[in-house]
Every structure is written in structure tokens, then in C-alpha cells.
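Below is one structure, written out as C-alpha cells; the observations come after it.
The values are calculated or read from the model by the stated rules, or taken from the named source; none is laboratory data. What you see is a predicted model; the values in this text were computed from it and never measured. Cβ sites come from the backbone with ideal geometry, for glycine too, and all protein chains shown count toward neighbours. Just so you know, the surface numbers come from the protein's heavy atoms only, side chains and all, with ligands and any DNA or RNA stripped out. Shrake-Rupley method; radii C 1.70, N 1.55, O 1.52, S 1.80 Å.
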Amino acid sequence: MKRVIVGLSGGVDSSVAAYLLKEQGYEVIGLFMKNWHDDSVTISDECPWLEDSNDAMLVADKLGIPFQTVDLSVQYKERIVDYMFNEYEKGRTPNPDVLCNREIKFDVFMDIALELGADYVATGHYCRKGTTQINGKDVHQLLAGEDGNKDQSYFLCQLSQTQLAKALFPIGELTKPEVREIAKAQDLITADKKDSQGLCFIGKVRLPEFLQQQLKPKAGVIVEIDSTFKTYSKPLPDFNSKENELEFLSKKPIYTLTDGNVVGKHQGAHYFTKGQRKGLAVGGTKEPLFVIDTDVIENVIYTGQGKNHPGLFRNVLFVTNAELHWVREDLTLAEGETMPVMARIRYRQPLEKAMLHKVASGLYVEFQNKQSAITEGQFVAWYIKNELIGSGVIS
């Protein structure tokens with residue numbers, strides 16, 4: 001009998017995942033990951049980890065499977081929290097959920113599971129795994145979940161073949177309502193529990209306050225750039241190669257204080273991210289202001305009116321070789337090669353047509369349509385049909 005360790009988070013998805021695996025005849029063990037100790041930054045009445053671990057334990061008890069809690073807070077702090085601070089300080093916007101899957105659930109946690117004699121690790125993600133044979137070798141595929149509303153393949157975009165080989169996603173074929181139905185039918189305590197928002201397994205964290213503990217506030221100005229700003233209408237130069245054109249188009253406009261009007265003050269450019277609308281506290285504009293860029297060195301936030309402001313849109317982004325990842329290693333592009341794909345730059349964004357261009361220093365992703373708020377530090381993931389084949393950090 002194959003042994004599966006399920007990451008029980010205290011939510012309905014992982015509860016049903018555990019139930020289904022048991023039904024399929026696996027020997028199932030539930031493990032709850034404690035990743036966080038500092039209750040001063042969690043909004044304590046909203047699902048603190050104690051309540052979650054208790055729910056996870058009750059579910060394990062109901063299913064008659066062994067249960068234990070593992071404390072991964074040291075690794076979590078090193079690999080996720082410190083990384084996030086570091087990225088914010090550089091003016092990039094990290095994605096903790098993608099990292100948590102790569103670094104914690106399918107690395108540290110997986111190692112613990114394998115030490116406990118597990119054949120597989122399972123989570124309650126809405127995605128599917130396929131396996132195909134290429135040249136007589138098993139190649140694992142990361143496929144979108146059946147529930148288009150809940151497809152979470154994007155969060156797993158950094159997984160490797162080694163990690164996928166040991167992964168199971170039992171609810172990937174189901175929709176959220178079906179998962180809740182199963183939980184109700186099995187009388188699981190988590191059946192009606194709200195989905196957790198916030199950092200994976202931390203519960204609700206007040207991110208700005210959390211960051212402010214480390215990143216000191218410093219007052220700066222908010223500048224509004226008009227949509228008629230000269231750079232937006234400049235004719236394109238002549239390019240002597242496709243690579244030169246891509247390089248040019250992937251660069252964001254550089255703004256200076258004299259390019260717009262000072263419309264307000266802020267407490268630190270590193271607390272803001274591109275495309276953000278809330279928290280600027282500037283009134284009196286015809287349309288709401290959106291962040292179009294942040295300059296963490298000069299501590300200036302550049303904004304524009306309305307969600308169609310030209311400063312928000314670009315159609316080319318770049319990923320360096322160091323931050324480029326192929327889930328399907330057999331499809332890796334060589335220098336000079338291109339590949340048509342569907343891609344997204346954030347979770348739940350509908351897939352968009354794009355072309356990959358491999359160059360010596362990395363990879364350009366050229367979208368057919370301009371994308372709003374391409375954000376450095378976030379992940380771009382690309383697909384062929386419903387299979388996620390690779391990803392990278394937007395540089």
C-alpha cells in the first residue's frame with residue numbers, strides 16, 4: 001500500500017483531498033505545517049494558525065488517519081519572509097504563494113514526508129498532474145484544474161520534475177462546489193469554512209504593518225504623470241534586429257520629478273506596487289489614481305489617472321537566465337529559438353497569446369496584446385493548451 005502525506009491546512013480543499021486519497025486505497029497521514037509564530041502581525045480573530053491546526057486535527061480524526069504538526073517556521077522565515085523583505089527593498093513585488101510551494105510545501109515539507117516513508121505528497125490545489133512517456137522516460141505534466149474559476153496551476157509554476165514526480169493533486173478534477181458537497185456528505189468540520197486569504201499557512205497577515213517592522217517608513221512624494229506624457233507617443237526607433245526591438249519594448253519608461261505634478265505624500269515607495277489603487281489617499285482627480293511605477297532609490301511614487309493610463313501598459317517582459325524555470329525540461333528553448341504560448345502574469349488572469357524568444361542572457365515574453373501592470377518580481381507562467389510548461393520572475 002502506497003503511503004501519502006497530505007498537507008492538511010485546516011481548509012476544505014485539503015480535507016477533501018485526504019478523504020479522496022483514503023477512498024482510493026492509499027495509506028494517508030495528515031501533517032499540518034506551522035510556518036509562523038509572530039501573532040503580533042496576524043489579524044488574530046481571522047483564522048490564526050491554532051484554529052486551523054485544530055480543524056485539521058478534527059478532520060484527521062474524523063477520517064481516522066494519523067495526524068501531526070510540523071514546525072517549519074525557521075525555514076519559512078529564511079526562505080519566504082526574508083526573501084520578501086529583500087524584494088520589497090529592491091522595489092520588486094514578490095509572490096509568496098509561488099515561493100511557498102517551491103520552497104516549503106514541495107521542498108522542506110516534502111523532505112519530511114519522504115523521511116516518514118511517504119511515496120507521495122498531496123495538497124488541496126486545484127490543478128492536475130499528467131504523465132507522458134518521452135524517449136522511454138516518464139515526463140510529468142502540470143495541468144490546469146478542471147474548475148476554470150479556481151485553477152491554481154500558476155501557484156505551482158516553479159515546481160520541478162523531481163517535485164512533480166512525488167506530488168498528487170486529488171481535487172484537480174473537481175469544482176469548488178463539488179468539493180464542498182463531498183465535505184458536507186462526509187460531515188467534515190471544514191465543509192462551510194471560508195477560503196483563507198493572505199500568505200499561505202500564515203492566515204491573514206497585515207502586510208504593510210508586517211513590512212514596516214523591518215522597512216522603516218520614509219516620507220516621499222506622489223507624482224502624477226499625465227497620459228499625454230511625451231514618451232508614450234514617441235515613434236519607435238529603427239531596430240537592426242528582433243532582439244534589439246524586444247529589449248527596447250521590455251524597458252519601462254523612466255520618470256523624473258519634473259515629468260509630472262506632485263499630488264500627495266506617502267510613507268515609503270517600497271510599500272506600493274504597480275497597478276495599486278488603494279492607499280494613495282489622493283483625492284480631487286477626475287479618475288482614480290493608479291501606481292504606474294515606484295522608485296525606491298529616490299523614494300517617489302509615480303501615478304496616472306484611470307486604469308487605461310498608457311503608463312500601465314507594456315507588451316514585452318524579460319526573464320533572466322538565473323530566474324528562468326522549465327517545468328517541462330524537454331521543451332527548454334535554445335538561444336535563437338521561439339515558441340508560441342499562452343501566458344499570464346498573475347493568478348486568475350485569463351491566458352493571453354504570447355511568443356517566447358530565447359536570447360543569450362535570458363528569455364523575452366512578447367504578448368500579442370499590451371498587459372496592464374507588468375510587475376517586477378512577480379511570476380510569468382506560460383502554457384501550451386492547458387499545460388503549464390515554464391515560468392520565470394519578471395525582471
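Could you pull out the pairs from K150/K353; K62/K166; K77/K252; K251/K278 whose alpha carbons sit more than 30 Å apart here? Among K150/K353; K62/K166; K77/K252; K251/K278, the Cα-Cα distance tops 30 Å for K77/K252. Fraction of C-alpha pairs exceeding 17 angstrom in the stretch 76-148: 62 percent, rounded to a whole number.
Within the listed set P310, P253, P170, the Gaussian network model of the chain (springs between alpha-carbon atoms below 10 Å) gives the highest mean-square fluctuation for P253.
With a ≥ b ≥ c the root eigenvalues of the C-alpha gyration tensor of the stretch 235-386, is it rounded (a/c under 1.5), prolate (a/b larger than b/c) or oblate?
Taking the square roots of the gyration eigenvalues as a ≥ b ≥ c, the stretch 235-386 is prolate.
With a ≥ b ≥ c taken as the square roots of the eigenvalues of the C-alpha gyration tensor of the stretch 1-140, please select rounded if a/c is under 1.5 and otherwise prolate if a/b is larger than b/c or oblate if it is not?
Because a/c hits 1.5 or more and a/b fails to exceed b/c, the stretch 1-140 counts as oblate.
As an exercise, use a Förster radius of 56 Å and the Cβ-Cβ distance of T338 and A281 to find the FRET efficiency, rounded to the nearest 0.05. Working from the Cβ atoms, E equals 0.80.
When the chain is treated as a Gaussian network with alpha carbon springs shorter than 10 Å, the biggest mean-square fluctuation among K105, K234, K385 belongs to K234. When nucleic acids and ligands are ignored and a 1.4 Å probe is applied, K216 ends up with an accessible area of around 130 Å². Its Cα centre serving as origin, the stretch 240-366 has a Cβ charge dipole (Lys and Arg +1, Asp and Glu -1) of approximately 740 debye. Taking the protein heavy atoms of the chain in the context of the full set of protein chains, the accessible area attributed to carbon and sulfur is 49 percent at 1.4 Å. Could you calculate the FRET efficiency of K252 with I134 from 1/(1 + (r/R0)^6), where r is the beta carbon distance between them and R0 is 41 Å, rounded to 0.05? The calculated FRET efficiency here is 0.60. Per-peptide packing, taken as the mean over residues of other Cβ atoms within 10 Å, places 6-15, 275-284 in the sequence 6-15, 275-284 from highest down. Among residues other than E287 with Cβ under 14 Å from its Cβ, the summed charge is +1 (Lys and Arg +1, Asp and Glu -1). Modelled spin-label separation between E51 and K2, with each label point placed 7 Å from Cα along the Cα-to-Cβ direction: 3.6 nm. Would you mind calculating the gained length between Q368 and K90 on full extension (0.36 nm times residue separation, minus the Cα-Cα distance), in nm to one decimal? The Q368-K90 span can extend by a further 97.2 nm. Normalised per residue, the accessible area of the chain is 46 Å², obtained with a 1.4 Å probe and no contribution from ligands, DNA or RNA. Shape of the chain from the C-alpha gyration tensor: oblate (a/c of 1.5 or more and a/b not above b/c, with a ≥ b ≥ c the square roots of its eigenvalues).
What order do you get for 26-33, 238-245 when each peptide is scored by the mean count of other beta carbon atoms within 10 Å, highest first?
Going from most to least packed, we get 26-33, 238-245.
When only C-alpha pairs under 8 Å and at least 6 residues apart count, what is the relative contact order of the chain, in percent?
16 percent
Full extension of the chain between A165 and K242 gives 23.9 nm of extra length, using 0.36 nm per residue less the Cα-Cα distance.
The largest accessible area among E335, E51 belongs to the first residue in E335, E51, and the rest follow in falling order (1.4 Å probe, all chains).
Modelled label positions at D61 and T175, each set 7 Å beyond Cα in the direction of Cβ, lie 3.4 nm from each other.
Could you state the angle between the C-alpha long axis of helix 49-63 and the longest principal axis of the C-alpha atoms of the chain, as a value from 0 to 90 degrees rounded to the nearest 10? Between the helix axis and the principal axis of the chain, the angle is about 40 degrees.
On the beta carbon distance between K230 and K385, with R0 = 45 Å, the FRET formula returns roughly 0.60.
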